[in-house]
Ligand SMILES: [Zn+2]
Ligand SMILES: [Zn+2]
């Protein structure tokens, strides 16, 4: 868990920024280098990615938690980050340290006075999740316990390396930590790899574009006993055979971290660039450092769970960048922050256009009640009522990447239909409002 | 925007913590004083509150943005926080400051060297939103621009004052900033007060429990001209008359901040305790400090928008605490993290119970596809398959606060129904699965 999550690939950043500028997706500022401002339309995409993953995590038995961002230095010493990762972390200090009362107990070590009010801004969620695990008595029949977390993470990357969405200092992961028994690794890894495959497929990334690498026990420096390592590695190999397929994954002999073996998942995008995305990292160390224990089926106490760190998207910012590359701004309908635009032919059609907008926008805007419902279908539908020609407004809509363009004039109102076309096809269909709304629902349900 | 958002009321913290311990909602740790760990069931409530508010914000034309957490000292000097609020902020420093390349330009002021790598951890979202506003050319026909943000905020409250959910160092707000013209204040404030009233009503807090206070221009120290103040205050008064009702709000003469008048919304809970929740704060200052401009309808440039800070829940942590008090752990179904539990009479009924769980859980778990849909109804349904008596499992379910308890035995399987009772009524109904699912949907849609 100490290694940076970014790969070195930084090309295509320019292209991404061009699309982002056109579609107003995100921006940055020298007042906070490496932190992204997601603009309203970028936030829509970001939130869809998060909602997508939360639902899949629910399916696989993850429980979401919300954990603090700052922890005292003492925690980072316990987790080992302070010794191994300090230079990549941001330090946090209360401006008026006197605000915190100091507990002077017997164990109080005055040599630590200096750091008493110092915190580290978290670069990872694992220590927080270990703390939660440690706060309750745990039994084998609760395992696996799976926590997910979408917290902000900060890593102090060198500023020269910062660029766009791919190298950042603040980012978010679809982070998950699984606390389980040795014999449960197999099933958990299989679930994770299946979710990875199914997820990437939703984004049009097929199995042929995914590579798996298994990194095994380093020869010299490793913790725990060889038997546990061998058992874990054999489970990983067998899962890779049954999910990725025998021969479809590579081994990196001795390349694992000292605290456990790992699987890296790389994908190749449309431009033949490789991106590290998913990771599965076994960890024999953090459970020991945090003294995590559970009661086993045989009644013995003090059993130590194994910790699995896993992410499917990896950094959401990075995955966002990959999708920008991949779709070149032509977002599929379900994730498009601009799903449809209505172009009233002239001023007299604006009222009808706005009523149509309300209907197609779905449950929130179409609600009769003062308070909109919490569940329902909702779509991003705009009206372009500027006094420009229909042609120039269509051109503008295409450049902004709307999935559908809907035109409405006298003839349409008479017929009780509207003229609708897609981004990629000039062909016009005449459809009723309910037909379009149904089509939108169908597209969202099938992730098109 | 410089005043702390917390009121002094801290009673009932004990009671809250007792409910939280029983229902496993949140926890804290001395390694991060004042930061809440939301456990899985607390996270469910927190997320429902956020989703509820996001949908209402969409209805009122807000656009969500995601903004950075750390900004260089220079930003906080610009916003005025460094001069006025520094002691309540956390400072952030890169552990290896050399990682950041320093731009040596002509304007570079060496006296600032010391703070060059220093950041402030944001206590408020406003400066970030002003930055976004300032990055684009703005025209009157885009106004009002309304940004919402659910970012983590940090304020370095004295540790002696920290307690439970009501006085914290890290919290979240249902924060919104409206950039508008003077003449648009009326409508925006009316919308906000209506949303406040409608929202509190969802939680069973009636108009009789809400108090409104208008704080007006301080006599001596204020910025801007009296005409603007008078115009703004008159709009606020007229909106309060039309929403709260004439005579139903109080004035705090001269009690406004120097940068603008404000409305505070207090609610009285079931225990007659008052809580500051919603706020509406007009701000003539930040737009000036950030040199925000827009082109007016008459073509003039350099028009300065007015900024409205507003929150309905206020601090989500604080509102969570109020709800804990208010419901005493008896959460209404729609927000209950434990909506139903199924109690199979004996081991032979576990399989049917688990199949029933899947059906009642809704669209994510009931999906046939590898990938669950992004939209749909989803409920929190557990199976208690422990080898305890039905009676003791029901007792346990009641103590945990499940809204519905569903029992299933041989007779139920024969009849094709299940026995269902509520938390508060021993009376048992025999219903079909589809009937229960329909009821759940109806309860969620009507916020019961
Ligand atoms: Zn981790
Ligand atoms: Zn504000």
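Couple of notes before you dig in:
- Each part gets one Cα centre, and for region A:194-208 versus region B:159-174 those centres are 42 Å apart.
- Using the rule -39500 (n - 2.57) for each DSSP H run of four or more residues, divided by the residues of chain A, the 222 nm mean residue ellipticity is -9500 deg cm²/dmol.
- Among beta bridges from DSSP that stay inside the protein assembly as shown, the antiparallel ones total about 80%.
- Shape of region A:301-387, Cα gyration tensor, a/c cut at 1.5: oblate
- Average other protein chain Cβ within 10 Å of Cβ, residues A:33-42: 6
- FRET efficiency, 1/(1 + (r/R0)^6) with R0 56 Å, evaluated for residue B:209 and residue A:350 via beta carbons: 0.85
- A Gaussian network model of chain B, with springs between Cα atoms under 10 Å, assigns the largest mean-square fluctuation among B:236, B:131, B:25 to B:131.
- Measuring from the axis that maps chain B onto chain A, the chain B residue with the nearest beta carbon and its rounded distance in angstrom come out as B:92, 3.
- DSSP bridge pairs, chain B: antiparallel proportion in percent, nearest 5: 80
- Of all the options B:17, B:414, B:187, the one that moves most in a Gaussian network model of chain B with Cα springs shorter than 10 angstrom is B:414.
- Average beta-carbon neighbours from other chains, 10 Å sphere, peptide A:432-445: 1
- Across the alpha-carbon set of the protein assembly as shown, the Rg to Rh ratio works out to 0.95, Rh being the Kirkwood radius.
- Region B:323-391 versus region A:23-48: alpha-carbon centroid distance in Å: 37
- Per residue, the Cα convex hull of chain B amounts to 200 Å³.
- Between region A:50-103 and region B:248-267, the alpha-carbon center distance in angstrom: 38
- Angle between chain B longest axis and helix B:185-202 axis [Cα atoms, degrees, rounded to 10]: 20
- Shielding of B:165-173 by partner chains, average beta-carbon count, 10 Å: 1
- GNM on chain A, alpha-carbon springs under 10 angstrom: the most fluctuating residue among A:169, A:318, A:423 is A:423.
- FRET efficiency, 1/(1 + (r/R0)^6) with R0 45 Å, evaluated for residue B:255 and residue B:302 via beta carbons: 0.90
- With N as its number of residues, region A:155-249 has a Cα radius of gyration that, divided by 2.2 N^0.38 Å, comes to 1.35.
Any read-out appearing in this document is the output of simple, stated calculations on the displayed coordinates, not a laboratory observation. What you see is a predicted model, and the numbers here were worked out from it, not measured in a lab. Every residue, glycine as well, gets a Cβ built from its backbone with ideal geometry; the counts of neighbours run over all protein chains shown.
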